[in-house]
Amino acid sequence: MKTFREEKNFSWCPGCGHGIVARLCAELIEENNLRDRTCCVVGIGCGGFHHHYMEIDALEAAHGRSIPVATGYKLGLPDNFVYTLQGDGDCASIGLAELMHAANRGTPITVIMVNNGVFGMTGGQMSPETLISQKTPTCPFGRDAKLHGNPLKVSEMMQEMDGVAYLARLSVATPTLVRKAKKGLAQAFKAQEEKLGFSFVEILSPCPTGWNMKVVDSYQRLAKEVAEILPVKEFINKVGGES
Amino acid sequence: MKKNKTLVINSARCKACGLCIHFCPKKALSLCGEFNDMGYNFVQSDQELCVKCNTCGTICPDVVLKVVED
Amino acid sequence: MKKKLVFAGSGGQGVISMATLTCLAAIECKWNAVMSQTYGIEQRGGTAVGFVVISDEEIGSPMIEEDADICCLMHPMIVDAHIKDAASGGIVLYNSSLVKSEPVRESVEFLSVPATDAAQELGERRAANMFALGRLSAETGFVPIEALCSALEKMLGEKKKHLVEINQKALRAGYAGGCNEEK
Amino acid sequence: MESNTLFMKNSEIFAEAMIRCGIRYHFAYPITPATDVMKYTAAHFHKVGGRMFQAESELAVINCLTGLAATGQLGCASTSGPGFDLMQEGIGFMTAAELPCILLDNMRVGPGDGDIIGSQQDYFMATRGGSHGDYYIPVYAPASGQEIVDLMPVAIDRAFTYRTPVLFVMDGVMAQMIETVDFTPAKETVSSYDTGEWSYTGAKDRGKRALITGSYAHSDGEQMVKKLMAKAEAMTAKEQLWEEYELEDAEVVVCAFGLPGRVCREIVQERRKQGEKIGFIRPITLFPFPEKVFAGLPGSVREILVVEMNYGQMVQDVRLAVNGRCNVSHYGHVGGDQPMIKAREVRNRLAALVPA
C-alpha cells in the first residue's frame with residue numbers, strides 16, 4: 001500500500017483508536033486512488049500525528065482551525081480531495097463555530113472527528129464530549145451537568161442543516177463496528193468527490209490512557225456506556241450508497 | 001478454487017494491547033515471551049486454531065496483523 | 001489653484017452628492033480631487049459632512065481645519081458645528097429655506113440661498129442640493145457650470161439616467177439665479 | 001475598467017489594485033471601516049474568475065487564507081482593529097508556515113470596540129505582532145490612493161520573495177477618502193511567481209509535503225525561529241521605504257506616516273517657504289522601519305517631532321533609530337471629528353521648537 005507508511009510505528013498509546021481510524025483512511029485513499037490529490041488537514045492533539053504515517057500532503061493547522069484551512073484549500077483547488085482529522089477537543093470545543101458554519105454552508109470537505117471524550121494529548125482533561133460523572137483531571141469529582149454542562153451532541157446539532165451531505169456517528173468499539181465505520185467513511189469521502197456538500201463523521205474512539213483504563217475495558221466502555229448516550233447512527237446520507 | 005490465506009504478523013509494530021486476543025473468535029492469539037524493539041511482548045498466533053477471519057486485523061490499532069491472500 | 005470646500009447637512013439631503021459632484025466636475029477640468037467624509041455608525045439620519053479639496057496641482061493634506069474657501073450649510077442642525085470650518089474671508093452658503101435665522105460669524109461672506117424652496121418650485125424638493133451648487137458656481141466660479149452638468153451624467157450613470165434632467169435643471173436654475181442677482 | 005484614471009474610495013482602490021495585479025481570492029468579515037473592500041470584491045472579483053468569501057469570523061477568515069495560501073495561490077484578507085486582533089493567531093501561524101498573503105488593516109480607535117473613524121493605534125500590533133513568538137512581517141503604510149496602487153505590486157513581490165504575509169495599514173479616514181488615482185502601475189504579476197516548489201497540491205510525482213509549525217524535536221523550533229529572523233534581517237537591510245523632504249540643513253524634523261504624513265508635509269513645505277529649517281520624514285514601510293534615513297540625518301538636527309493618530313507608538317521606533325542623538329517629542333491625537341490631526345496644534349509645536 002503506497003499511501004500507508006508501514007515502516008513507521010504509530011506513536012499513539014497501546015490500544016488507541018486513532019490507529020484504527022488512520023488505517024481506515026489510508027485504505028480508502030488507496031482504494032479510491034486519491035493519494036495524488038489528497039491533502040489532510042490535522043488539528044492539534046493526538047490527531048495531529050495522523051498524517052505522519054501516510055504518504056500524502058498534510059497541513060497542521062492551529063488549534064481548532066482545521067476546517068477553515070480546509071475550506072480555503074478547497075476554494076483554491078476544488079478538484080483536490082481534502083479532509084480534516086481532529087479530536088473532539090479540537091473540533092467540538094475550540095473549533096465548534098468553524099465546524100457549524102462549514103457544515104451549514106455545505107462546503108464540500110470531509111471532517112472526521114475522533115471522539116474520545118477527553119483532551120488526550122494534554123493528559124485527559126474534560127472535553128465537551130466527556131460523559132456525566134466521568135472523572136478527568138479538570139473535573140476530578142466527575143462531570144456535573146450543573147457545573148460543566150452536558151456532553152455536546154455534535155452530530156445531532158447538524159441534522160437540520162441543508163448543507164450536510166453525509167452525517168454519521170461511527171465507532172471503533174468492536175470489529176463489526178470498525179467494518180461499519182469504514183463503510184461510513186467511504187460514503188463521506190464519496191459525498192465530497194461527488195461535490196454533494198459537507199460530510200462529517202464522528203468516530204467514537206477510546207483513550208485508554210486518558211480514561212485510566214485497561215485497553216479491553218476501554219473498548220467495552222465505548223461499546224456500552226458511551227454508545228448509550230451517543231448512539232452509533234447514520235443521520236444524513238445524500239450519497240445514496242449503502243453504509 | 002479456494003484461495004490460500006495466511007495471517008501475517010508484523011511483530012515490530014505490536015504494543016501488546018491485547019485487543020486482538022480479546023476479539024479472536026477461536027482463541028488463536030496470545031502474547032509471546034519475547035520482546036520487540038519497543039519492548040512489548042508481541043502477539044503470536046496458533047496457526048492450527050486460526051481460521052483467517054481477519055477479526056484481529058480489523059480491530060488492531062497498530063496495523064500489526066492482517067490476513068493476506070495468495 | 002487650490003480650493004477647499006465643506007458640504008454639511010442632514011442625512012438624505014444629498015450633501016455627499018454635492019461633494020462628489022464637485023470632485024467629478026474638477027476631474028472634468030483635469031484637476032485633482034480628494035474627498036473625505038464623516039459618518040455615524042447608523043445607516044440613516046444624523047448629520048452628513050463631505051470635505052473636498054480640488055487643485056490643479058498634487059494635493060498634499062486632504063484635511064480641512066477652519067480653512068475652507070467655501071462652506072455650504074444645508075440644514076440648521078449643523079450650522080453651529082460647521083460654520084467654523086470656513087476660513088477667514090471665505091464664503092458661507094446657507095440654505096435659507098431651512099436655516100431661518102441668519103448665521104453669525106465674523107469675516108466671512110454670507111450667501112443666503114433658499115435652495116429647498118427653489119427646488120420645490122422646480123418640482124423636485126430633493127434637488128435643493130443641485131440648486132445650491134449651481135448658485136455657488138455662479139457666485140464663486142469654483143468649478144464651471146458646464147463641468148458640473150456633464151459630471152452629473154457620469155455620477156448618476158445608466159441606472160439613474162432618468163434623474164439627470166431634473167438635477168441639471170436645478171443646477172442651471174441655481175446658476176441663473178446667481179447671475180441675475182446683483183452682488 | 002477601460003480607463004486607468006478613476007475617482008474612487010481608497011478601500012475600493014485597494015480592491016481594484018488587487019484585481020489588476022492578479023489576486024483572485026479575498027476573505028473577509030464585515031467590519032467598519034474595512035467593509036468597503038469586501039463589498040467591492042464581492043461585486044467585481046467574479047468577473048475575473050475570482051471569489052470573495054465571507055467567513056463566519058476573522059478567525060475563520062485568516063485560516064481560510066492559510067488554506068488557500070497552502071495551495072500556492074495568493075489571497076487577501078481585509079479587516080479593522082477588533083478583527084485584526086482575532087487574526088493575530090493566524091498571522092503568526094502563516095509567518096511560521098512561510099505562507100504568502102496580502103493583509104489590510106483599516107485602523108480604528110481602540111482598545112475595545114472603539115470608534116469607527118480614524119486612528120493609527122494598531123502600529124504596535126502591526127509591527128510587533130500580536131501572536132506569540134519572534135516574527136516580523138513587512139508593513140506598508142500608504143498615504144494616498146495612488147500610493148496603494150504603486151505599492152501593491154511591491155507588496156506582492158515581497159510576499160512571494162520572502163514567503164510571508166504582507167500587511168497594509170490605513171487609518172479609517174484614509175480608508176474612506178475618495179481620490180483620483182491612476183491604475184497604470186498595477187500590472188498583473190501574481191501569475192509570474194512559481195509556487196510549485198513548496199505548495200501542498202497533492203503528492204503527485206513527488207514525495208509528501210507536510211506543513212508543520214510545531215516541533216517534534218526541540219531543535220525544530222530553534223531552526224524555525226532562526227530562519228524567520230534571517231528573513232527579518234534581510235528585509236531590514238533591503239526593504240526600507242520612506243519619503244523625505246529638505247533634510248540637508250534641517251534643525252527640526254517632523255516625522256509622520258499615512259494620512260498625518262500628508263498633513264505634516266504640507267505644513268513643513270509652508271514653513272520652509274518662511275525660511276525655517278524644518279525637514280520631513282514619512283516612513284512608508286513600518287517594518288522594516290526606515291532606520292537608514294535616521295542614521296543619515298545631518299548633525300544640524302536637534303529635534304524630531306513625531307506626529308501620530310495615537311498616543312505614542314511609532315515614536316518608540318524613532319527613539320530607537322536615533323539612539324539619543326537628538327531630542328524626540330510626540331504629538332498625538334485620536335478620535336473626535338475630522339480633522340483627527342489638528343494642523344494648528346502641529347504648527348504650535350513647531351513654533352515652540354523653532355522660535356521666529
- Toy charge model, Lys and Arg Cβ at +1, Asp and Glu Cβ at -1: chain A dipole around Cα centroid in debye, rounded to 20, equals 340
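Can you tell me the convex hull volume per residue for chain C, based on C-alpha atoms, in Å³ to the nearest whole number? Show your work: numbers first, answer last.
Values: hull volume 21.1 nm³, N = 183.
Here the figure is 116 Å³ per residue.
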- Note on the structure: In the structure shown, of A:LYS182/A:LYS224; A:LYS8/B:LYS66; A:LYS190/B:LYS5; A:LYS214/B:LYS26; A:LYS135/A:LYS182, the pairs separated by more than 25 angstrom at the C-alpha atoms are A:LYS190/B:LYS5; A:LYS135/A:LYS182
- Query: To the nearest 20 debye, what is the magnitude of the charge dipole of segment D:134-209 about its Cα centre, counting +1 on the Cβ of each Lys and Arg and -1 on the Cβ of each Asp and Glu?
  - Reply: 580
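For the interface of A with D, what's the total buried accessible surface in square angstrom, probe 1.4 angstrom, rounded to the nearest hundred?
Protein heavy atoms only, the A-D interface buries about 2600 Å².
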- Task: Between the chain alone and the structure with every protein chain in place, find the residues of segment A:1-16 that drop at least 50 Å² of accessible area; heavy atoms, 1.4 Å probe.
- Result: A:GLU6, A:ASN9, A:PHE10, A:PRO14
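If you build the Cα gyration tensor of the protein assembly as shown and take the root of 5 times each eigenvalue, what three semi-axes come out, in whole angstrom, biggest first? Before the final figure, lay out the partial values.
Working: eigenvalues 845, 177, 100 Å².
Taking √(5λ) for each Cα gyration eigenvalue gives 65, 30, 22 Å.
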- Note on the structure: Of all DSSP beta bridges with both partners in segment D:243-353, the antiparallel percent, nearest 5, is 20
- With a Förster radius of 41 Å, plug the Cβ-Cβ distance of A:HIS63 and D:ASP337 into 1/(1 + (r/R0)^6) and report the FRET value to the nearest 0.05. 0.45
- Message: Can you compute 3J(HN,Hα) from phi for each residue in segment D:247-252, using the Karplus curve 6.51 cos²θ - 1.76 cosθ + 1.60 with θ = phi - 60°, rounded to whole Hz and x for Gly and Pro?
- Response: 8, 3, 10, 5, 9, 10
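Divide by every residue of chain C the summed helix terms, -39500 (n - 2.57) for each DSSP H run of at least 4, and state the resulting mean residue ellipticity at 222 nm, rounded to the nearest 500 deg cm²/dmol. Can you show the working numbers first?
Working: 6 runs with 68 residues, N = 183.
Computed ellipticity for chain C at 222 nm equals -11500 deg cm²/dmol.
Over all directions, how big on average is the projection of the convex hull of the alpha-carbon atoms in segment D:185-305, in square nanometres? Spell out each step's value before the answer.
On the way: hull surface 49.5 nm².
With the hull built on Cα positions only, its mean projection is 12.4 nm².
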- Message: With just the Cα atoms defining each centre, how far is segment C:115-183 from segment A:164-189? Give it in Å.
- Response: 71
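Which percent of the accessible area of segment D:243-353 is formed by carbon and sulfur heavy atoms (probe 1.4 angstrom)?
On the way: 1830 of 4200 Å².
Carbon-and-sulfur percentage of accessible area, whole number: 44.
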- Listed highest first by mean packing, meaning other Cβ atoms within 10 Å per residue, what order do D:278-285, D:295-302, C:87-94, D:53-60 come in? D:278-285, D:53-60, C:87-94, D:295-302
- Task: Kindly compute the accessible surface that chains D and C hide from a 1.4 Å probe when together, both sides summed, and give it to the nearest 100 Å².
- Result: 2100
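What's the buried accessible area, both sides, between A and B using a 1.4 Å probe, rounded to 100 Å²?
On the way: alone 10720 and 4820 Å², together 13780 Å².
Adding both sides of the contact gives about 1800 Å².
Expected output is a single nm value to one decimal: the length gained when fully extending between D:ARG344 and D:ASP205, i.e. 0.36 nm times separation in residues minus the C-alpha distance. What is it?
Numbers: separation 139, 0.36 × 139 = 50.04 nm, distance 6.61 nm.
This chain segment gains 43.4 nm when fully extended.
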- Heavy atoms of A:THR209 accessible to a 1.4 Å probe, total area in Å² rounded to 10: 90
- Mind giving me the nanometre distance, one decimal, between the label points for C:GLU153 and D:THR161, set 7 Å out from Cα along Cα→Cβ? 4.7
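If the chain between D:LYS227 and D:ASP134 were fully stretched, how many nm would it gain, using 0.36 nm times the residue separation less the Cα-Cα distance? Walk me through the numbers before you get to the answer.
Working: separation 93, 0.36 × 93 = 33.48 nm, distance 1.07 nm.
Additional length available on full extension: 32.4 nm.
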- Query: For the charge dipole of the protein assembly as shown, defined by +1 on Lys and Arg C-beta atoms and -1 on Asp and Glu C-beta atoms about the Cα centroid, which residue among A:CYS139, D:PRO153, D:ILE267 has the Cα displaced farthest towards the positive pole?
  - Reply: A:CYS139
- Item | Amide proton proximity set for D:ALA210, modelled H, under 5 Å, gap of 5+ | A:ALA58
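Could you work out, residue by residue across A:35-47, how many beta carbons of other chains sit within 10 Å of that residue's beta carbon, and then give the average as an integer?
On the way: counts 4, 6, 4, 4, 10, 3, 6, 3, 0, 1, 0, 0, 0.
Averaged over the peptide's residues, the number is 3.
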- Of the residues D:MET170, D:MET38, D:MET125, which exhibits the maximal mean-square fluctuation in a Gaussian network model of chain D defined by a 10 Å Cα contact cut-off? D:MET125
- Task: May I ask you to give the solvent-accessible area per residue for segment D:5-238, in square angstrom, as obtained with a 1.4 angstrom probe?
- Result: 33
- 1/(1 + (r/R0)^6) with r = Cβ-Cβ of A:ASN104 and B:LYS27, R0 = 35 Å, i.e. FRET efficiency to nearest 0.05, evaluates to 0.10
- For segment D:17-55, list whatever residues lose no less than 40 Å² of accessible surface once every protein chain is in place, relative to that chain by itself, with the probe at 1.4 Å. D:PHE53
- Query: Tell me, what ³J(HN,Hα) does each residue in segment B:55-70 have, in order and in whole Hz, if you take phi through Karplus 6.51 cos²θ - 1.76 cosθ + 1.60 with θ = phi - 60° and put x for Gly and Pro?
  - Reply: 4, 5, x, 6, 8, 4, x, 10, 6, 8, 10, 7, 8, 10, 9, 5
- Task: Sticking with the crude label model, points 7 Å out along Cα→Cβ, report the distance from D:ALA351 to C:CYS29 in nm, one decimal please.
- Result: 3.2
- If amide H atoms are modeled at 1.01 Å from N in the peptide plane, then the residues at a separation of 5 or more from A:VAL82, or on another chain, having amide H under 5 Å from its own are A:CYS39, A:THR110
- Amide H contacts of C:CYS72 (H built 1.01 Å from N, under 5 Å, at least 5 apart or other chain): C:VAL6, C:PHE7, C:ALA8, C:LEU93
- Message: I'd like the mean, over residues of D:68-81, of how many other protein chain beta carbons sit within 10 Å of each residue's own Cβ.
- Response: 3
- Message: Suppose we compare each residue of segment B:1-32 in its chain alone and in the full protein complex with a 1.4 Å probe; which ones drop by at least 20 Å² of accessible area?
- Response: B:ASN10, B:ARG13, B:LYS15, B:CYS17, B:LEU19, B:HIS22, B:PHE23
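Placing +1 at every Lys and Arg Cβ and -1 at every Asp and Glu Cβ, with all other atoms neutral, what dipole size does segment D:278-350 have around its Cα centre, in debye to the nearest 20? Working shown, then result.
On the way: 9 positive and 6 negative charges, 48 e Å.
That gives a dipole near 220 debye.
Take the alpha carbon atoms of segment D:5-238, find their radius of gyration, then divide it by 2.2 N^0.38 Å using N residues; give the quotient. It would help to have the intermediate numbers written out before the result.
Working: Rg = 17.1 Å, N = 234, 2.2 N^0.38 = 17.5 Å.
So segment D:5-238 has a normalised radius of gyration of 0.98.
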- Global form of segment B:5-69, assessed from the alpha-carbon gyration tensor, a/c cut-off 1.5: prolate
- Task: Report the label-to-label distance for D:THR5 and A:LEU131 in nanometres (one decimal), using points 7 Å from each Cα along the Cα→Cβ vector.
- Result: 7.6
- From the backbone phi of segment A:200-208, what are the Karplus-calculated ³J(HN,Hα) couplings (6.51 cos²θ - 1.76 cosθ + 1.60, θ = phi - 60°) in whole Hz, Gly and Pro given as x? 9, 10, 9, 10, 5, 8, x, 10, x
- Note on the structure: The distance between the Cα centres of segment B:7-70 and segment A:199-239, in whole Å, is 23
- Message: Considering only protein heavy atoms and a probe of 1.4 Å, how much of the accessible area of chain A is carbon and sulfur, as a whole percent?
- Response: 53
- Restricted to the protein assembly as shown, the DSSP antiparallel beta bridge percent, nearest 5, is 35
- Rounded to the nearest 5, what % of the DSSP beta bridges within segment D:5-238 are antiparallel ones? 20
- Highest-fluctuation residue, D:ALA28, D:ALA155, D:ALA43 considered, GNM on chain D with Cα pairs under 10 Å: D:ALA43
- Item | Distance between segment D:249-324 and segment D:215-239 - C-alpha centres, whole angstrom | 31
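The values are calculated or read from the model by the stated rules, or taken from the named source; none is laboratory data. Owing to the predicted nature of the structure, the values given are computational and were not obtained by experimental measurement. Positions of Cβ are backbone-derived with ideal geometry, glycine not excepted, and every protein chain shown enters the neighbour counts. When the accessible area is computed, the model is the full protein with side chains, heavy atoms only, and any ligands, DNA or RNA have been set aside. Shrake-Rupley method; radii C 1.70, N 1.55, O 1.52, S 1.80 Å.
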